[in-house]
Amino acid sequence: MAETTQHQAGPAHGAMIHLPAPTAWPIVLAFGCTMAAAGLVTTLWVTAFGAVLMVAGCVGWFRQVLPHEAHEDVPVVVQPVTITTTRKLVRRLQIGPEHRVHLPVETYPVTSGIKGGIAGGIAMIVPALVYGQIAQHSIWYPVNLLGGAGVGHSTRITAAEINAFHPSWLVTAIVIHSVTCLLVGLLYGAMLPMLPRRPVLLGGILAPLLWTGLLHSTMGIINPALDARIHWGWFVVSQVTFGVVAGLVVAREGKIRTSRGLPFFARMGIEAPGLMESNANAGPPESTDEEKH
């Protein structure tokens, strides 16, 4: 069935409404103010013309409101408004607590991100050392490139110095590599639950390509010495290796449910009635038959 509603409100048809009389003097006053301001960047005559319009607008407006405000009577013309709908029934949604979605519903524990960062960091060492042995004939080249040239910002470092073994550069490279891998591994643990299908593919390949492109576009400004010696093809291979291995390790860890869907007092660990499960043994101890007698 169609529903029809007719709205009738206000004065009856033919009645008179007492309204303030219309006037154009406010527009004249506003135009005068505009011309007076425009004269500041043009000529004095424009400002004078604007001042004349301002005075005329003020006088004309004041004469319509002082000593008595001008009014006029306007007849009322009632036009009934009919609102029609062809909807047979208005469906109302019953929204309960279970309909509220908190994302992500499940996530990986923090330890999974740490494990993924350690595994990915170890895996990406292999293509880096292979590149150093093939391209530079020294496995210490990628290590010293990160620990020496990557930190020193010096253009005086020669290729022979980078190919040699330096204990201080090795320690620096280990610290930088370990911290970076742990941080990225934690990021993987938090990011993979929010990705759609194939999280390892997106997090292990797409994400390394994105941050490699970001580093490639900014490394020339951050560290020109390091940018001149990086082989970006092998850099992409090592980053993808890290991403795939870290993603596989994180994805194989079991997920845990997040506590965002729980009430605030339950998340705080406060035992409030109606929010926490009742303990079957709670309450005063029951009296024995001997105590009753």
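Computed from the coordinates by the stated procedures, all read-outs in this text should not be read as laboratory data. What you are looking at is a predicted structure, and each value in this text was computed from that prediction instead of being measured. Here the Cβ is made from the backbone with ideal geometry for all residues, glycine too, and neighbour counts use every protein chain on show.
Observations on the structure shown:
- In order along the range 123-129, the Karplus-derived 3J(HN,Hα) couplings, from 6.51 cos²θ - 1.76 cosθ + 1.60 at θ = phi - 60°, round to 5, 6, 5, 4, x, 5, 5 Hz, and Gly and Pro are given as x.
- With all pairs of separate Cα atoms included, the range 13-83 yields a Kirkwood hydrodynamic radius of 14.6 Å.
- Placing a pseudo-label 7 Å from each Cα along the Cα-to-Cβ vector at Ile221 and Asp73 gives an inter-label distance of 7.5 nm.
- Here's how it looks for Gly39: its modeled amide H is under 5 Å from those of Thr47, which are all 5 or more places away or on a different chain.
- Note on Trp211 and Cys33: their simple-model spin labels are 5.7 nm apart, each label 7 Å out from Cα toward Cβ.
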